[in-house]
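For reference, the structure is listed below as structure tokens.
The values are calculated or read from the model by the stated rules, or taken from the named source; none is laboratory data. These numbers were taken from a predicted model, which means no experiment stands behind them. Here the Cβ is made from the backbone with ideal geometry for all residues, glycine too, and neighbour counts use every protein chain on show.
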């Protein structure tokens, strides 16, 4: 498997940011880490090995980026307003730096599908819903799509516009809705075991259905926990059966 490590100084985040790239061809899979983890998390926990057959076959090219969650919502020493500002800066980093990097690395426009587990699922889904002009779909695993679950009661406009459970019900922009309604790959998957919250997926599904946005809600069994062994099964299942 072709593997590259890239990094650059992000002007939006004012720090060095790394990205791992796996593969040589295929649509782009943009991976967001869980919680306060880094760009090599999916490699360390065996997810890259689990999807290696699809990478080696040229079906997918994987871009795993760093997070700054420990500089925003997971940093209890920051004022919530500053957390929200940092979160918005990360959004700009993804749309204005990572997406152009993917296009350059792939030598042209390719479909970009976001994915992630837990907090990474929120980032992946939020990126799609905010920028359907840039992102072509998502595979969101075991996520919660209400940002307020991470804000300890803080609320402002930036929280609202990064919390799909809040802004999607009020989304009436026909241009954005048209882009979302044209997507073929909006997948929400969750277990029903320990530390999972399947209602997060069903709740977002009801909102998407009310807006006429095609999607899939896939609830796995009560033995499926919020843990890596299951995410190592979920992602290859979707790459193998849906793409």
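Worth pointing out:
- For the stretch 62-75, the criterion of being more than 16 Å from residue 122 (Cα to Cα), in a loop (DSSP other than H, G, I, E, B), more than 16 Å from the chain's Cα centre (by Cα) and modelled with pLDDT under 95 is met by at least one residue.
- Only one of 82, 87 that is more than 22 Å from residue 3 (Cβ to Cβ), in contact (Cβ under 8 Å) with a residue 60 or more places away in the chain and not in a loop (DSSP other than H, G, I, E, B): 87
- Here residue 182 meets each of (1) out of contact with any strand residue (DSSP E or B) (no Cβ under 8 Å at 6 or more places or on another chain); (2) under 24 Å from residue 14 (Cα atoms); (3) surrounded by fewer than 19 Cβ atoms within 10 Å (Cβ to Cβ) with one exception, condition (2).
Matching residues to (1) at pLDDT 95 or above; (2) in contact with a helix residue (DSSP H, G or I) (Cβ under 7 Å, 6 or more places away or on another chain); (3) surrounded by fewer than 23 Cβ atoms within 10 Å (Cβ to Cβ); (4) more than 28 Å from residue 233 (Cα to Cα):
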residue	(1), (2), (3), (4)
20	yes, yes, yes, no
27	yes, no, yes, no
79	no, no, yes, yes
84	no, yes, no, yes
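- Boolean, residue 12 is assigned to a loop (DSSP other than H, G, I, E, B), surrounded by fewer than 17 Cβ atoms within 10 Å (Cβ to Cβ), touching a residue at least 60 places away in the same chain (Cβ under 8 Å) and more than 16 Å from the chain's Cα centre (by Cα): yes
- Looking only at the stretch 35-50, and only at residues there that are part of a loop (DSSP other than H, G, I, E, B) and out of contact with any strand residue (DSSP E or B) (no Cβ under 7 Å at 6 or more places or on another chain), the one that is nearest to residue 112 (Cα to Cα): 38
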